[in-house]
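Here the structure is laid out as structure tokens; the discussion comes afterwards.
Each value in this text was obtained by applying a stated rule to the coordinates, not by laboratory testing. Not measured: the values here are computed from a predicted model. Cβ atoms come from the backbone with ideal geometry, glycine included; neighbour counts cover every protein chain shown.
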Ligand SMILES: Nc1ncnc2c1ncn2[C@@H]1O[C@H](COP(=O)(O)OP(=O)(O)OP(=O)(O)O)[C@@H](O)[C@H]1O
Ligand SMILES: [Mg+2]
């Protein structure tokens, strides 16, 4: 009886640990995804959550630079079978765990069934041992990016007030809606010149999303253009640690708190990496 109770308790604990997945994405490149994903991950880790940052940019991944990591191994070493998932994890600030990107994702499609299962089993361990997984996506709307988004609980779409970035953010939202994404979608406006400029950008996008896609995109807020963020990148530090008292850091901390609260209510049930696999293979 006692054994059964312990076993049940263990199962409940495991269920509670199953990480919520936040995918940070955009249509246009260079809008701030990596900085936003990295800083949010640090804030969430600092708040006591067990967090993994997964750099899903397989050709130009650079979260290691912002985190000041000299990563020896990345996802390509797991794919080639040379390393286990534990061996490719780097430990960043605040105990945050980071899997660095940068390899040809095409390789995944060429794996044998045996290799595929092994990788999936390895990656699935991550969801059981973390509270939150933050995905830093590559730019664009290619199959792998869309696959990571559709498998997540929450997609944070990043735009700037620039017309091209807004059009590409809308295109991304349209693809998610067209593929019946069942999680939550939020929009964050980065590099705004003023709060008014940022809010106007959110309103314009949310209006067309409502009108043409008949859905709601949540307001994740506005981040102003701030030279200290560039300066932090040059120091190879997340801005929340390099300039904790700056306005941009306060905005990122507030966003992390909001996401953390919201994530408790979200879960799409099935394992994230298994869902991702459905999109890749
Ligand atoms: N709020 C901001 N204020 C000033 N500069 C910013 C801000 N956000 C991002 N940047 C700068 O914009 C550039 C692109 O940022 P980042 O690499 O995070 O974008 P990305 O969307 O991940 O790019 P990619 O699509 O290439 O992956 C960097 O030089 C970064 O320092
Ligand atoms: Mg990036």
Paramagnetic reach from residue 62 (point 7 Å along Cα→Cβ, amide N under 15 Å) across the range 210-232:
229-232
Given 0.36 nm per residue, what is the gain on full extension from residue 258 to residue 84 after removing their alpha carbon distance, in nm?
59.3 nm
PRE reach from residue 47 (point 7 Å along Cα→Cβ): which of the range 176-192 fall under 18 Å by backbone N?
184-189
Log10 I(q)/I(0) at q = 0.12, 0.15, 0.16 Å⁻¹ for the range 174-253, from Debye over equal alpha-carbon scatterers, is -0.45, -0.64, -0.70
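Quick check on the range 17-270: of the DSSP beta bridges with both residues there, what percent are antiparallel, nearest 5%?
On the way: 3 of 31 bridges.
Beta bridges within the range 17-270, antiparallel portion: roughly 10 percent.
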By the C-alpha gyration tensor axes a ≥ b ≥ c (rounded if a/c is under 1.5, else prolate when a/b exceeds b/c, else oblate), the shape of the range 108-228 is prolate
May I ask you to compute the full-extension gain from residue 245 to residue 171, defined as 0.36 nm times their residue separation minus their alpha-carbon distance, rounded to one decimal in nm?
23.1 nm
For the range 17-270, alpha-carbon Rg over 2.2 N^0.38 Å:
0.96
